[in-house]
Amino acid sequence: MSPNTLAPQDAGARTISVVVPSYRRPDLLVRCLDGLLAQDRPADQVVVVRRDTDEETRTALEAYVGRVDVAVVAEPGVLAAMARGVDAATGDVVAFTDDDAVPRPDWLATLLPHYDDAQVGGVGGRDVNHPAPDEPARTVAGAGRFTAWGGLLGFHHVVEGPAGDADVLKGVNMSFRRPALALPLSLPGSGAQVHFEVATSLHARTLGWRLVLDPAAVVDHYHGPRFDEDQRHRPQPVAVRNEAYNLVLCLLSYRPELLVRRAAFGLLVGDRATPGLLRAAAALARRDPATAARLLPSLRGQLAALRDVRRGVRPEMPAGTSAAPEDRSTAPLATLPRLRILHVLNDVEELGNGINNVTVDLACAQADAGHEVTVASQGGGWARVLEQHGVRLAALDQRRRSPSFALAPARLRRIVARVRPDVVHAHNVTGVLLARAALAGTRVPLVATVHNEGPEAKLMRYASASIVLSEAGRQHLLSQGFPAQRIRVLRNGTVDGARSRSREPLPPRGLAHPNVVTVCGMNKRKGIQDLLAALPAVRAAVPGTVLYLVGDGPDREEFERQAEQLALGDAVVFERFQPRPDAWLAEADVFVLASHHEPGGLVLAEAREAGCPIVATDVAGNPNMLDGGRAGLLVPPGEPEVLAAAVVRVLSEPGLADQLRAAAREGVEDLTVGRLADDVERVYRGLLAGR
């Protein structure tokens, strides 16, 4: 059957599939399907999953040929059935309900509009119990949330009021956008596998998705018979143990910071179906022996889960089936548990080193967002800025020629043991190798940013994920044998970082005009030799042009000799390293970056923030930093004549410099450190969700 047979939609419309696992409850299933086929907003596809041995269900489905898709599963358990249903589903959104539930006519029409928000990954609603439970009538204004002690406030059956954010959706009434959806591969339990939705929901939340609970999206739940050890009101002890185990394991796998509080809460209070000591005592006092009888299996299940969590056991989630939201809004991240992050790099010296600069800004932004951030390095001048933002410092000398290098692995292991990071982020090859050794035997993910793509970069493949700053960088890593699924392409960012905010305004430098400014290391990879070779042609067309070279490096003396050979004299000023290059950028008539290779030059973001007209080479990360050439002129590398012609255009063509200044500033907000920090955090959370 075509997935659109039930309800043809406009070509651009969002599609939804509804998955219904069913086992030996044909009369209830018929009522469920009749409700689904009578929706105000019809489903694009309905998938019923039946067991291969279930002839009762097969017979009942004969009446729905052409209207319902049928999938067959051999493995018992609701998770196997749901996974088979997801495989068969074709919709952009996959909704789930049970065969003993009947969705009300406006169910799908109420769920779907919430997905207009690109940050919403899942939407669920209320399930009204039939017959009504033997408990006082009440309604609550919020449901599906965990308390600060790790208790689950379910109440999906009595929730009322407006739609709001939730931690957990209920399996009988939930839906997920495809990229947010992942089901545990297995959990204890032969049938219901209670609390699987905790793992599914928290997995999506960890990736950065919002979950919405809308009480207006209602299904009527008739609680049909079960055919396993979990008999609802008279479960066997093994079912209670499994329920308690699943809840604690799924919760603490994604919220490890609740370990101690949840252990205390579970022992003393517990949840309604998995009581602790006080809840069981209260049950006995009100002559409720059934609840009290749950105490021992509940405690056994919780203790088993706590033991497994400490051993690193987690619900196994399918790899590569879910992803973080594409929208970069920080709102969902702000609602997620804070992380403990450990950065590893050589030092934090103020030497114009791009690795140091971006890592300092990133660490400060992460600390400002509420994370616990530690930087392990040899230290340096930027330490004061890190400390001002609450970043902790740990001494680590990883220089390979240092006498103390042999002690570095043990030292980093001690740092890891003290910090107990959720994720380690290394910024050079040595840091990756040391961190890999220090994390041996743990489940802590290791992230590496490949700032330079030299011969040693191939050793960064030992990280759980490698961040590169351009598509060219990704292709380079692929050529080095990196697994594609471990590569993440992010755009660099340095605008509005902690380093720049810590600076006092500088007086004008009084540069000569017209001028050309570059800020970079003095080495051949930066194309300084091309810029010098282009200068005579620039001066011939625009007399008096002065070139300012801001930076230092191993090839500076060779460039000085080249300037002498070209008889450039005072037309070239070697400024050497300057801790505040922004003073030169502020007075630049044209900024040039003539690199032969550039993974993702931060200086281009700084030049755009300063509003410089920019000329850069069309290599690696430069086009990405210049919005594909919209924010500056791109020229081929290693061609001084073409470079000279572009510089002359900027200096002489009426209106072009002003046009390029405006283009440089447009969209510069996408080059902020805050945006980069959000993107990096989503890389972290994707790895944590897939552990």
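Here is how the numbers come out for the structure above:
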| quantity | calculated |
| --- | --- |
| Qualifying residue in the range 245-259 (condition: outside any helix (DSSP H, G or I) and either closer than 20 Å to residue 155 by Cα or over 38 Å from the mean Cα position of the chain (by Cα) (or both)) | no |
| Residue satisfying condition, being assigned by TED's automatic domain parsing to the domain that holds residue 544 and farther than 21 Å from residue 474 by Cα, within set 605, 631 | 631 |
| Filtered residue count, the range 409-438, keeping only those that are within 21 Å of residue 348 (Cα to Cα), at pLDDT 90 or above and not in a helix (DSSP H, G or I) | 6 |
| The range 185-228, residues that are within 22 Å of residue 100 (Cβ to Cβ), outside any helix (DSSP H, G or I) and at pLDDT 90 or above | 213, 214, 215, 216, 217, 218, 219, 220, 221, 222 |
| Hey, residue 638 closer than 26 Å to residue 355 by Cβ and in contact with a helix residue (DSSP H, G or I) (Cβ under 7 Å, 6 or more places away or on another chain) or not | yes |
| Some residue of the range 320-336 being in a loop (DSSP other than H, G, I, E, B), modelled with pLDDT of 90 or more and surrounded by fewer than 22 Cβ atoms within 10 Å (Cβ to Cβ) | no |
| Selected residue [farther than 26 Å from residue 656 by Cβ, among the basic types (Lys, Arg) and touching a residue at least 24 places away in the same chain (Cβ under 8 Å)] from 561, 539, 576 | 576 |
| Lone unmet requirement of (1) over 12 Å from residue 518 (Cβ atoms); (2) part of a loop (DSSP other than H, G, I, E, B) for residue 583 | (2) |
| Test: residue in the range 486-493 that is in contact (Cβ under 8 Å) with a residue 12 or more places away in the chain, over 21 Å from the mean Cα position of the chain (by Cα) and at negative phi | no |
| Hey, residue 443 part of a loop (DSSP other than H, G, I, E, B), among the basic types (Lys, Arg) and surrounded by fewer than 21 Cβ atoms within 10 Å (Cβ to Cβ) or not | yes |
| Options 88, 137, 109, 132; residue that is more than 24 Å from the chain's Cα centre (by Cα), more than 22 Å from residue 182 (Cβ to Cβ), modelled with pLDDT of 90 or more and among the aliphatic types (A, V, I, L, M) | 109 |
| Filter result for the condition that a residue is assigned to a helix (DSSP H, G or I) and surrounded by 15 or more Cβ atoms within 10 Å (Cβ to Cβ), over 562, 485, 578 | 562 |
| All positions within the range 354-371 that are surrounded by fewer than 19 Cβ atoms within 10 Å (Cβ to Cβ) and out of contact with any Ser or Thr (no Cβ under 9 Å at 6 or more places or on another chain) | 368, 370 |
| Scan of the range 580-625 for residues that are within 26 Å of the chain's Cα centre (by Cα) and polar (S, T, N, Q), ordered by number | 622, 624 |
| Single residue of 488, 499, 525 found to be out of contact with any strand residue (DSSP E or B) (no Cβ under 9 Å at 6 or more places or on another chain) and closer than 27 Å to residue 368 by Cβ | 499 |
| Identity of the residue in the range 446-469, among the small types (Gly, Ala, Ser) and surrounded by fewer than 24 Cβ atoms within 10 Å (Cβ to Cβ), that ends up modelled with the lowest pLDDT | 454 |
| Number of positions in the range 423-440 that are over 21 Å from residue 378 (Cβ atoms) and either touching a Cys at 6+ places or on another chain (Cβ under 7 Å) or buried (at least 23 other Cβ atoms within 10 Å of the Cβ) (or both) | 1 |
| Those residues of the range 28-44 which are surrounded by fewer than 18 Cβ atoms within 10 Å (Cβ to Cβ), touching a residue at least 60 places away in the same chain (Cβ under 8 Å) and of a type in the set (A, V, I, L, M), in sequence order | 38 |
| Options 571, 664, 586, 631; residue that is touching a residue at least 60 places away in the same chain (Cβ under 8 Å) and either among the aliphatic types (A, V, I, L, M) or closer than 21 Å to residue 550 by Cα (or both) | 586 |
| Residues within the range 634-689 that are farther than 17 Å from residue 489 by Cα and not in a loop (DSSP other than H, G, I, E, B), tallied | 29 |
| Listing of helices (runs of 4 or more DSSP H) fully contained in the range 48-130 that carry 3 or more residues being more than 19 Å from residue 222 (Cβ to Cβ) and touching a helix residue (DSSP H, G or I) at 6+ places or on another chain (Cβ under 7 Å) | none |
| Subset tally (residues that are at pLDDT 95 or above and either polar (S, T, N, Q) or not assigned by TED's automatic domain parsing to the domain that holds residue 342 (or both)) for the range 367-406 | 1 |
| Matching entry among 374, 359 (being free of Cβ contacts under 8 Å to residues at least 60 places away in the same chain and under 28 Å from the mean Cα position of the chain (by Cα)) | 374 |
| Tabulated pairs, the range 290-311, first polar (S, T, N, Q), second assigned to a helix (DSSP H, G or I), C-beta under 6 angstrom, 6+ apart or interchain | 291/283; 298/240; 298/244; 302/244; 302/248; 302/266 |
| Pairs where the first residue, in the range 397-416, is at negative phi and surrounded by 13 or more Cβ atoms within 10 Å (Cβ to Cβ) and the second is in a helix (DSSP H, G or I) and among the hydroxyl-bearing types (Ser, Thr, Tyr), C-beta under 9 Å, 6+ apart | 398/430; 399/430; 405/430; 408/430 |
| Test: residue in the range 23-32 that is among the aliphatic types (A, V, I, L, M), at pLDDT 95 or above and in contact with a Lys or Arg (Cβ under 6 Å, 6 or more places away or on another chain) | no |
| In the range 495-546, residue farthest from the chain's Cα centre (by Cα) [restricted to those that are hydroxyl-bearing (Ser, Thr, Tyr) and outside the structural domain of residue 612 (by TED's automatic domain parsing)] | 502 |
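The values are calculated or read from the model by the stated rules, or taken from the named source; none is laboratory data. This structure is a prediction, so every number in the text was calculated from the model and none was measured. Every residue, glycine among them, receives a Cβ derived from its backbone with ideal geometry; neighbour counts consider all protein chains shown.
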